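Asks: Pasting in a structure now, in structure tokens, and then I'll have a few things to ask.
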Amino acid sequence: MALDTAATALPSGLKPDQPYPEWLNSADNAWELTSATMVGLQSVPGLIILYGSMVKKKWAVNSAFMALYAFAAVLICWVLWGHRMSFGTDMRGILGKPNEAMTQKYLLSQYKEYFLPNADYVFYQFAFAAITVILLAGSLLGRMNFYAWMLFVPLWLTLSYTVGAHTIWGSGILESRGIIDFSGGYVIHLSSGVAGFTAAYWVGPRLSHDRQHFPPNNIIHMLGGAGFLWMGWSGFNGGSPLSAGVITSLAVLNTHLCTATSVLVWLSMDMIYYKKSSVIGAVQGMITGLVCITPAAGIVDTWAAMLMGALSGSIPWYTMMILHKKSAFFQKVDDTLGVFHTHAVAGALGGLLSGIFAKPNLLREFYGSGNDGSVNYGPGFLYGLIEGKKLKGFQQLLYQLAGAVFITVWNAVVTSLICILLSRIVTLRMDEDDLEIGDDAVHGEEAYALWGDGERHPPPLRFNMTPKIPSFCRRH
């Protein structure tokens, strides 16, 4: 017996103590912190690089700065009140009780039944909240007053994002019904797409010639930013199970399968319709694939992920490249980077397809089950037909539809109210002179030096220079 005890005794460095309580799983903790950091890198520097290079040269600094400011501002708001409003004590099904998330007692205690501290979850969810606001900014690049943006960010986070996060993830009314949103197809992408499109309506359009001719200033850097997004999505979807388990592995693989399929389909559509392959189009297809798989990453089979990729590479392509150009409604609103199509359309598509392809055993693995083995989620409509549970499958599809409608309406209404309020305080759109000049007028800085080492004008004439004879005066 003594031998058995000695054999199973842990080394002193591995025994539970204050920094390593018994409930803490170091592998889960390390993976969650890594995932949160990967999501943060999608924003800083990912979207900073993407936005700064995807816009016209005169808006490079302003576009990148909007992303950087939002990232910093959201973190302060998140720990002071946003996190507990999203995941705190439920109030009437749509909002948590506001409170700070900064005390040692709260941050270092166990998060629910998971083997990691609350601090991990606070940081991970902050990275989600920050990227949502930054994605929204993509609709407003090239004309929004930066000071209006500084006020818009905390207001929208508080009044709009927290409600979506609480209702779907934080024990709110939609979560209690069993809506499926694995990693934010509705909470993050549908909300950012709808809110961005709504805000773009209220802010107003870019200058006419900017809207007609808005070439990216650096396509290679744009691809670099897109690369941060794609690879960072391993943490975006892989962190949602809050553990380093099998569902995590499936979620990461499905994420990349769907994305690769979407890129190839979007590229094929461009080549068939426009007879030319487009790098910008490939990036758009990448984004729609990443967005579409997000609500379903760990709860669908790989074949379903590839099918979702085919649909995310074709349906948003149609709405952006065909429908947008024919529709007076879409033409009226200046959505700079087409965030409505890449995030709202793709996010809603992914959410609805989750209600079709969600597999019962994977739902049980991710969401858990009751003592009788039952689960409050699904099955997806397809598996409802296969298993003779048509009513439950159809019910899940209706819940997914209801969730999409709620997020759409809430964001459209609240974003409109925020913009109307801010317009009474500060102008939402820059004045015409600043719009003509761009970064230099707004920030006194430019992305690229035109003369010398960062100088904006030719250097003054130096009279002590050795004179040189013009070449046409030299003897040969």
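Asks: Taking a cut-off of 20 Å, what percent of all Cα-Cα pairs in segment 98-186 are separated by more than that?
Replies: For segment 98-186, the fraction of Cα-Cα distances above 20 Å is 48 percent.
Asks: Something else: Just in segment 375-430: which trypsin sites (Lys or Arg not before Pro) are loop by DSSP and have at most 16 other Cβ atoms within 10 Å?
Replies: Loop-located and lightly packed - Arg424.
Asks: Could you tell me the relative contact order of the chain? Use alpha-carbon pairs under 8 Å, at least six residues apart, and round to a whole percent.
Replies: Relative contact order here is 20 percent.
Asks: Considering only protein heavy atoms, what per residue accessible area in square angstrom results for the chain with a 1.4 angstrom probe?
Replies: Using a 1.4 Å probe on heavy atoms only, each residue of the chain averages 46 Å².
Asks: Which order, highest average first, do 353-361, 190-198 follow once you tally other Cβ atoms within 10 Å for each residue and take the mean per peptide?
Replies: Packing order, densest peptide first, comes out as 190-198, 353-361.
Asks: Follow-up. Given R₀ = 25 Å, what would the calculated FRET efficiency be for Asn25 paired with Met102, taking r from the Cβ atoms and rounding to 0.05?
Replies: The pair Asn25/Met102 has a calculated efficiency of 0.55.
Asks: Give me Rg/Rg_expected for the chain, where Rg uses Cα atoms only and Rg_expected = 2.2 N^0.38 Å with N residues. Working shown, then result.
Replies: Details: Rg = 25.0 Å, N = 476, 2.2 N^0.38 = 22.9 Å.
Computed over Cα atoms of the chain, the ratio equals 1.09.
Asks: Please give me, ordered by residue number, the trypsin sites (Lys or Arg not before Pro) of segment 260-351 that lie in loop per DSSP and have at most 15 other Cβ atoms within 10 Å. Present the calculation step by step, with values, prior to reporting the outcome.
Replies: Details: sites: Lys275, Lys276, Lys325, Lys326, Lys332; in loops: Lys275, Lys276.
Answer by residue number: Lys275, Lys276.
Asks: Based on the Cβ-Cβ distance from Ser176 to Arg424, what FRET efficiency comes out when R0 is 41 Å, to the nearest 0.05?
Replies: The calculated FRET efficiency here is 0.65.
Asks: Using just the Cα positions, wrap segment 45-103 in a convex hull and report its mean projected area in square nanometres, one decimal place.
Replies: 5.3 nm²
Asks: Projected onto the charge dipole of the chain (+1 at Lys/Arg Cβ, -1 at Asp/Glu Cβ, origin at the Cα centre), which of Met222, Ala127, Asn237 gives the Cα projection farthest towards the positive end?
Replies: Met222
Asks: Can you give the local net charge around Gln395? Use residues other than it whose beta-carbon is closer than 11 angstrom to its beta-carbon, Lys and Arg +1, Asp and Glu -1.
Replies: +4
Asks: Further, regarding this structure: With runs of 4+ DSSP H residues as the only contributors, calculate the mean residue ellipticity of the chain at 222 nm using -39,500 (n - 2.57) per run, divided by the residue total and rounded to the nearest 500. Write down the numbers at each step before the final one.
Replies: Details: 24 runs with 273 residues, N = 476.
It lands at -17500 deg cm²/dmol.
Asks: What shape does segment 162-289 have by the C-alpha gyration tensor, where a ≥ b ≥ c are the square roots of the eigenvalues, rounded means a/c under 1.5, and otherwise prolate means a/b greater than b/c and oblate the rest?
Replies: Details: a/c = 2.35, a/b = 1.35, b/c = 1.73.
Verdict is oblate for segment 162-289.
Asks: Right, another one. At a 1.4 Å probe, what is the % contribution of carbon and sulfur to the accessible area of segment 87-133?
Replies: Exposed carbon and sulfur together represent 59 percent of the surface.
Asks: Another one. Distance between the C-alpha centers of segment 256-313 and segment 336-410? Whole Å please.
Replies: Here the answer is 20 Å between Cα centres.
Asks: How many nm is it between the label spots at Met91 and Ser327, if each spot is 7 Å from the Cα in line with the beta carbon?
Replies: 3.6 nm
Asks: Next question. Hey, any idea what Rg/Rh is for segment 253-382, computing Rh the Kirkwood way over Cα pairs?
Replies: 1.07
Asks: Which order do the peptides 255-262, 114-121, 40-47 come out in when sorted by mean C-beta neighbours inside 10 angstrom, highest first?
Replies: Descending packing order for the listed peptides: 255-262, 40-47, 114-121.
Asks: Expressed as an acute angle from 0 to 90° and rounded to the nearest 10, what is the orientation of the C-alpha long axis of helix 118-137 relative to the principal long axis of the chain?
Replies: The angle comes out near 40 degrees.
The values are calculated or read from the model by the stated rules, or taken from the named source; none is laboratory data. Everything numeric here is computed off the predicted structure, so don't read it as measured data. Methodologically, a virtual Cβ is constructed for each residue, glycine included, from the backbone with ideal geometry; neighbour enumeration extends over all protein chains shown. These accessible areas exclude ligands, DNA and RNA; they are computed on the full protein's heavy atoms, side chains included. Shrake-Rupley method; radii C 1.70, N 1.55, O 1.52, S 1.80 Å.
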